[in-house]
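Accompanying notes for the structure given below.
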């Protein structure tokens, strides 16, 4: 299983917003439009509920908001980069979140879901990768970094 | 229509009587009495006569099932005890009933031959104990222990002794009343013929059935072949004019000792068929009762019979138990368990009326019918008190019984640890390591059901790296397929588990709060422990 299989060039964003709520809403909106999902409200509700249980800011400037929802046929991965950071996104090390990987999977796709999360974390553990992502100037450049 | 009415009313009455802890056989008899000629006249004599073959069938099946309880291991352990008790209670009953009837009869009748004939025949009949109603009470109260084993052994055997005594009494009666009685040698030949041929038919029939049962495994085949062979045994015994009960019982003894494992399923399947026939059998018996034939001498003889039989059975059983050093519960409670008389006694009374038509036969039929009615009211009640007092009620329970009688709240694990939805992976792993559950309920802060974490989920997360810091229970849980309430019968719990092919079910309150958890393997464990506990209780009784 490779992370490349889930990276979609249409779901890579250079984020303008710098508030957690707006960032997540923007990413969810784009996902639902792009993937033609008709349950945007449900996705919003699920993502924010998950955040209320424990923030997905995992440190090192990374956030991995994630959720499983009924009716999703295959896992969706969206990537957002905010160079200036998202100060109100809670993290375990207080380093502002600059890289957001939003993952949505089907309710019964437990195994793939866990594996994608693990692949994301493994990739982003490398500081070089994180720096390149933050410095990237375009979506295409981001895409190339992610699939390399 | 009458059969349907009989079954419906009998069953309804037994449910009502059960609330007052009265044995169901009494309900059947009372309903029969009400339906019979004595009250509403719905069931008449012609109908009852037509059902004679059915009565033989029910008695035969009962004898077969009783035989099935008589395993050689029991005789090895209890043989001497059975023989001592059997002869004591049967012979003392015979002696005392004969004495009382003769004493009372001489006060009312001048014909001493008639009085002695009555005494001897009634004395012989008094030796028999009703296997059907006795075992019905034992099965109804699911008893197990030395008292139960002794009762099953005695009621199975004393019918045979009753037949022997009746044959002897008949021959003596023939001589007394001077109706061209056969000689003593012919009398003994007849006894030998009766018992020998009955046992022979039973063994042959049992052997044939065992050959068939060994080769088939489907339930339909087992039931149909078993019933077919049993009916054949009964038919041949009846045709050869020997004892149908003894033949059927011998076949049962043969099966349970020759192919014990394979025959166990057969006996269970046949037992499951019997509730409805028993309802009809005892209800029709109640319908036979006609109080119009009672006169003062007969009433006094009835009283004398009852006193003599009660004393004989009671004192004889106690004496036999003491001589053979039976367990304390047998010595104390067995005297209360041998009062019932029914099919065999009634059958012998009908036989007496055929052999000695006229005053002797008619008197015997009335006396036995009335006394049977009385002892069938008192007997099961006394037995219920005895088996409960001996601590043997409720010990003969199967796994199916426990499941049938339990609800979710009786079996559920109330100590299952909750996994709160925000609990991080590290804490979840700690919980897993400290308990042996394979499934855990995930709940919100109000302990309401959200999902379940399984050991597979844990395995998946362990095999991946870097997740421990941000994965929580909410991420790992799977949605719940079904939930049950605490008062759902366990039979329905299993039905849901099988329908969805799942291994667990959360138990929730009305507000969806988790109050317990059912895991299939833990259910099995719990039921098994309960069975072991009951088995140990039964063994501790002696």
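Pair-distance distribution of the stretch B:370-438: all C-alpha pairs, bin width 5 Å, starting at 0; shares per bin in whole percent are 3, 11, 11, 10, 10, 10, 8, 8, 6, 5, 5, 4, 3, 2, 1, 0.
Sorted on the mean count of surrounding Cβ atoms within 10 Å across their residues, most packed first, peptides A:50-59, A:16-25, B:242-251 read B:242-251, A:50-59, A:16-25. When peptides B:404-410, B:309-315 are ranked by their average number of other Cβ atoms within 10 Å per residue, the highest-first order is B:309-315, B:404-410.
Which percentage, to the nearest 5, of the DSSP beta bridges contained in the protein assembly as shown is antiparallel? Intermediate results must be reported in sequence, preceding the final value.
On the way: 24 of 38 bridges.
Here the share of antiparallel DSSP bridges comes out near 65 percent.
Average partner chain C-beta neighbours within 10 Å, per residue of A:45-56?
Whole-number average of other-chain Cβ neighbours for A:45-56 is 3.
Reported to the nearest whole Å, the Cα centre-to-centre distance from the stretch B:478-542 to the stretch A:1-16 is 47. Of all DSSP-defined beta bridges confined to the stretch A:3-147, some 45% are antiparallel rather than parallel. With neighbours defined as other Cβ atoms within 10 Å of a residue's Cβ, the residues B:445, A:98 order from fewest to most as B:445, A:98.
Inside 10 Å of the C-beta atoms of B:467-473, what's the mean count of C-beta atoms belonging to other chains?
On the way: counts 8, 0, 5, 13, 8, 4, 2.
Neighbouring Cβ atoms belonging to other protein chains average 6 per residue here.
For the pair the stretch B:233-249 / the stretch A:40-56, the C-alpha centres are spaced 79 Å from each other.
Please compute the contact order of the stretch A:1-100 in relative form: average sequence separation of alpha-carbon pairs under 8 Å and at least six residues apart, divided by the residue count, as a percent.
Numbers: 138 pairs, mean separation 35.4, N = 100.
Relative contact order comes out at 35 percent.
A P(r) calculated from all alpha carbon pairs of the stretch A:3-147, with 5 Å bins opening at zero, reads 2, 10, 22, 25, 23, 14, 5, 0 percent. DSSP assigns beta bridges within the stretch B:403-538; of those with both partners inside it, close to 85 percent run antiparallel.
Across the stretch B:403-538, C-alpha contacts under 8 Å between residues 6 or more apart give a mean separation that, scaled by the residue count, equals a relative contact order of 31 percent.
Taken as Cα centroids, the stretch B:320-347 and the stretch B:82-154 sit 10 Å apart, rounded to the nearest whole angstrom. Our summary gives chain B a relative contact order of 20 percent, counting only alpha carbon pairs under 8 angstrom and 6 or more residues apart.
Peptide A:112-124 is shielded by partner chain Cβ atoms: per residue, an average of 4 of them sit within 10 Å of its Cβ.
All of the numbers you see were taken from the coordinates with simple rules; none came from a lab. This is a predicted model, so every value here is computed, not measured. Neighbour counts are summed over all protein chains in view; Cβ atoms, including those assigned to glycine, are modelled from backbone coordinates with ideal geometry.
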